[in-house]
1. Sort 269-277, 51-59 by packing, meaning the average of other beta carbons within 10 Å per residue, with the highest value first.
2. With a 10 Å radius around each residue's Cβ, average the other Cβ atoms per peptide and rank 336-347, 361-372, highest first.
3. Quick check: residue separation of GLN89 and ALA216 times 0.36 nm, minus the Cα distance between them. What number comes out in nm?
4. At a 1.4 Å probe radius, carbon and sulfur cover how many percent of the accessible area of the chain?
5. Listed highest first by mean packing, meaning other Cβ atoms within 10 Å per residue, what order do 254-261, 203-210 come in?
6. Give me the distance between the Cα centres of the range 354-410 and the range 123-141, rounded to whole Å.
7. Given H placed on each backbone N at 1.01 Å, which residues far from GLU325 in sequence or on other chains put an amide H within less than 5 Å of it?
8. Which residues among the range 216-256 fall inside the zone where the amide N is under 14 Å from a point 7 Å beyond the Cα of LEU184, along Cα→Cβ?
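The values are calculated or read from the model by the stated rules, or taken from the named source; none is laboratory data. Just so we're clear, the structure is a prediction, and the values are computed from it rather than from any experiment. Virtual Cβ from ideal backbone geometry, glycine too; neighbours counted across all protein chains shown. Only protein heavy atoms, including side chains, enter the accessible area calculation; ligands, DNA and RNA are left aside. Shrake-Rupley method; radii C 1.70, N 1.55, O 1.52, S 1.80 Å.
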Amino acid sequence: MNEPDTAAQPGNAPWTCPFCPLLCDTFGVEVGPPGTPLKLVGSDCPRARKALANFDATAGARQPQAGGQDCDLETALDTAASLLATARQPLFGGLDTDVAGARALYALACETGAICDPAQGAAMMHGLRALQDRGGFSTTLAEVKTRADLIVCMTEEPAAHYPEIFHRIGVGEREGVAVETLPLHGDLFDTVALLAALVSGRVSTDDTRVPAGLAALAARLQAARYAVLVYESARLPAQGALIVEAIQRIVATLNRSTRAASLPLGGGDGASTVNQVFAWLSGLPLRSRAGPLGLEHEPLCFDAERLLADGAVDTLLWVSSYGPEPASPPAGVPRIVLGHPGMQLPHDAHELVFIPVSTPGIGSAGHLFRTDGSVLLPLRPVYEDGLPSVGEVVRRLTQALRALKKERVQ
């Protein structure tokens, strides 16, 4: 159990919001009477307010379920262990958890040979594959706030999905900071490629065939002291790694004569945190498994959506601790779901084990990496929800699985 941290209450130290990869820690939460939703204090962020509406400061009353029937935690864990013990190729999906949950999931994945892919796997792979293939230059929120003089939004206005982003990078706080949005010329692939050519001088900004807005942006990038190219991984189309590579090509060209960097936005609900944990424990990122051939990383083949559609896995462990969504996807395989107590279960609940878990930063403590990947922030509980954390449940599940395997060997 986790004791509530009074630092999360209004008038004390700020609360760290776990519902966005910006991990804002400059506002707080007001806890009202039991049964009333938590209230955001010090910000009007719609993303945080919507997420807090799923919590009401009451202890979790929902019971675990196995085979469509309520049961105690031990029964649910034993049933889940039996499912994993008979699985030939399990898949761990969702992965919406924190550092402790990720560490426990990695140990269980090694025990079972599971493939691991987060709910935001497709978006995450754009930047990851570009980094693996070509490398890149990235920066931090603090660096942008104190040094950048030109910020270019490469994938439309980011505030729609990250309402606090401009506040976090200090737009409006310093003079001489310009914010531009990439003017599209054709599709995003064509536009970024043409901008890269303009910045490198392969295409002249005086060419009359070049859109004036794009030529002017290239000139401003070349003249900037410190340009930052911001993009959202989730807004990139299929094969978006090619766009990320082109963005990094622009940044690399600018760095020959001035200073520039990229700032990717993504990896929320713990996705980037789990990726970092798996990378430091195994040397490989997500979409990997510890299988019969040792450690394997397959960024295309180990796509959870593809694996489920192809019937390539026979058991799904789904983790979603930050809210009722994302719910477990339709799957014709047995499922183990570690989720928010308000999660709606599928109709085929007889094939499912459900264990309600605590949300880091609301009912339990935890740690998350911020979107820029350089800062690990603590999450403090707002109230005692009486639910086990993902890390606790997965550790106990791993112990139950090992005990079951030992019994079968004997």
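1. Values: 269-277: 26.8, 51-59: 17.8.
Highest to lowest by the protection proxy: 269-277, 51-59.
2. Numbers: 336-347: 19.8, 361-372: 24.8.
For the peptides 336-347, 361-372, the packing ranking is 361-372, 336-347.
3. Values: separation 127, 0.36 × 127 = 45.72 nm, distance 5.32 nm.
Going from the current span to full extension adds 40.4 nm.
4. Values: 8970 of 17520 Å².
Ligands and nucleic acids excluded, carbon and sulfur give 51 percent.
5. On the way: 254-261: 16.4, 203-210: 12.1.
Highest to lowest by the protection proxy: 254-261, 203-210.
6. For the range 354-410 versus the range 123-141, the Cα centre distance is 28 Å.
7. Hits under the 5 Å cutoff: none.
8. In the range 216-256, the label zone of LEU184 (backbone N under 14 Å from the point 7 Å along Cα→Cβ) covers 235-238.
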